[in-house]
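Just below is one structure, and these are the notes that go with it.
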Amino acid sequence: MPRRTRLRRTGLLIALLAVYLVLFPRGTGIELQVSPAWITRIDDVDPSPPGNEAVFAVQTGDRFAFITATGRVLHHDEVLHAVVMRDDRFSNVSAVSAVTVIQDPRGGFLGAIPAEGYPLLGNRHTVVLHPDGATVSRWNDAADNQWTHAFGSVVTDIATGEELTVVGRLDGRLSVIDARGEMVFEYRSRAGRFPLVVSVAIDEHDQTVAALLDIEPQRLALFARNEEGFVLVSEISMPSAIRRPGMLRFQDNAGLLLWEQTDALHLLHRERGHHNAIELPGALRAAAVDPSVALLGVVTALSDSPDGVLILHHPGSATPVMQLPFPGGSEVLRMQDGLLLISSGPHLIAYRIERG
Amino acid sequence: MARIPWVAALWMFCIASVGAWQWPVDGGVLVTGFAQLHHDGFSRGVLFAGDDAVVRSAAAGEVVFFLAPGHRAHPLGNFVALSHDGGFRSVYTGLEDVELSDGVTSVVAGERLGIVGGSGFARGRRVGFQIIDEELDAFVNPMLILPPREDRRSPVIVSILLERDGQTIAASAVTSYGPPGAARLLVETFDPSAETGTTLVPLAPYEIVVELEGREIRRITFETLQARDGSVVLAGRYRADALYRGERLLDLGEIVVGERPVPLAVTVRDFAGNRVRRTVSLNPTAAADPQAGP
């Protein structure tokens, strides 16, 4: 067979193979498969004893619940004045009680702190922001008062880690206080035209503090722990300024820091130092990261609509992997070990996410 | 004396901004004064009652922070914080709703912010109004900045009490003091709200002065609440738990009376300048002579 004919034939075979692969693609093992797992009402309590399943704290409207990864509602109640929740405890805050009661995911009594205010639940402690909005106290699990600090300005945000508590204030001052009540770090922002601490966060090992600071310009500041306390290690200028509480959260299991701006969710990949932003079609309602499937989920409102949209991203990419609009929006978004949990009205809906 | 420079500065600020500040609540009734006992601590500002009354910006300013329904919970409820010239911030707390959105960055004086609500830990339908001095790291009495309002009602001194050896005696015009020595001076006093007609709403006074033998021994001016060593103190030194024995009962510290009868005068003044003064004579009994036999 002449050489030219052989080449032509080989080329034709390659072309046919390319057409076949385009028309009938094979799985690469990284495709996303989202399938419904279960649906339940938030008030459909199952009284049987819990197993070793993961438990999620969820709130939708004036209701809150603890639900397992298999869809069993362990406890459900109505929000009194506000509810503060972790996956292992909660406090249903009453505006008329002088005591802050802490309960477990089945509603069992864990402790009562003789302090009035909004609690922030730590691993083995509770931090309370008092009714004056400018006094903060810390209590251990035995309900002993570890410290109380009153400040000369309104507290805008508090974060608590293992031992340290971060208090941000309206006048641009930020304090880091240890479990004994010692002020280990104080910072006063003077860089912006309007000094302000909008939000604060601390990582789970008390090594890094993040703060969204000031207006004109607004910036994200990172403080790293050293022998003398903390030191400012990096700042990222923001193109816009948020003037209300916004999400600022370390996602330690994914090595991320997330923070909200008026029209975007920003991500800092802490190991690489890479910063990117995901544009949002409306106001952010919830965000979650599941490292097991390498996905970031956000729920946003849609402009001029009561509906919402769930958007899944690879954390490093601005292009969504999947968008799922749903009526009524969702106030819940939890993602863990391939399970994605959202709400629609009184219903909680779980999807299983798999690769391949 | 340390109080004088910054009070003067405040007044200069007020004079410089004549006409720039206005009362923040349409028809609101002042129901809690500055540094009054509130939630077991000092009230950081003043509180107004008024069903569905409109809350307005007290001066032109930049919106630096607001917390509205749907945001995270805060004890101050729904609130708005504005930044003003001169390093002051005003805060409007306990709103029913916040009539601001992400796009609003500044307001003019009198701009609508919301209505009186009672959100957060407000007791009833109340809106709080606070002024923060950023440089001092202090809450400032809003009455220093707001335009004067008519008030013809004088403060009231309900009683002057002396606490000695675990016993409390009410001081009258001529008071038998007992043996010479120290006693704690307690004064029950309040300033009736000017706007509530026959309904008595007690407010904190503006100033209390104590004179012993014609000499001023104590002056507490309700002008600033400053953070100091983890506490908030009034007039640079008084903590709420040390000053207040009850809602209207103030512990004005120790007095020492010798062997002679002495006049004790307590003067209470409100912000409009109305004042009340009570004078009592403290007559010590002769000290027991340890040499004397039975």
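Each value in this text was obtained by applying a stated rule to the coordinates, not by laboratory testing. Because the structure is predicted, anything quoted here is derived from the model rather than measured. Cβ atoms come from the backbone with ideal geometry, glycine included; neighbour counts cover every protein chain shown.
Springs between Cα atoms under 10 Å define the GNM used for chain B, and in it the highest mean-square fluctuation of B:Gly214, B:Gly41, B:Gly27 occurs at B:Gly214. Per-residue ellipticity at 222 nm, computed for chain A from helices alone with -39500 (n - 2.57) per DSSP H run of at least four residues, works out to -2000 deg cm²/dmol.
Panel order for A:Arg219, A:Arg352, A:Arg244, by other beta carbons found within 10 Å of each beta carbon, from fewest to most: A:Arg352, A:Arg219, A:Arg244. I'd like the orientation of helix B:3-16 relative to chain B: the angle between its Cα long axis and the longest Cα principal axis, in ° from 0 to 90, rounded to 10. The two axes meet at around 30 degrees.
Using +1 on the beta carbon of Lys and Arg, -1 on that of Asp and Glu, and nothing else charged, what's the dipole of the stretch B:3-144 about the Cα centre, debye to 20? Please list the in-between numbers first.
Working: 9 positive and 15 negative charges, 72 e Å.
The dipole magnitude comes to about 340 debye.
Note on chain A: with a GNM built from Cα contacts shorter than 10 Å, the maximum mean-square fluctuation among A:Asp144, A:Asp203, A:Asp43 falls on A:Asp144.
Between the exposed loop cleavage positions of chain A, defined as GluC sites (Glu not before Pro) in a non-H, G, I, E, B DSSP state with at most 14 neighbouring beta-carbon atoms within 10 angstrom, the longest gap is A:54-181. The magnitude of the dipole of the protein assembly as shown, with charges of +1 and -1 set on the Cβ of Lys/Arg and Asp/Glu and taken from the Cα centre, is near 1500 debye. With contacts taken as Cα pairs under 8 Å at a separation of at least 6 residues, chain A carries a relative contact order of 11 percent. The mean count of C-beta atoms from other chains within 10 Å of the C-beta of residues in B:51-63, rounded to a whole number, is 1. The distance linking the stretch A:105-176 with the stretch B:64-124 is 22 Å (Cα centroid to Cα centroid, whole angstrom).
Rounded to the nearest 10 degrees, the angle from helix A:3-23 to the longest Cα principal axis of chain A is 40 degrees. Between B:Glu213, B:Glu135, B:Glu111, the residue with the greatest mean-square fluctuation in the GNM of chain B (Cα pairs under 10 Å linked by springs) is B:Glu135. Solvent-free Debye calculation, one equal scatterer per alpha-carbon of chain A: log10 I(q)/I(0) at 0.06, 0.07, 0.15 Å⁻¹ equals -0.27, -0.36, -1.43.
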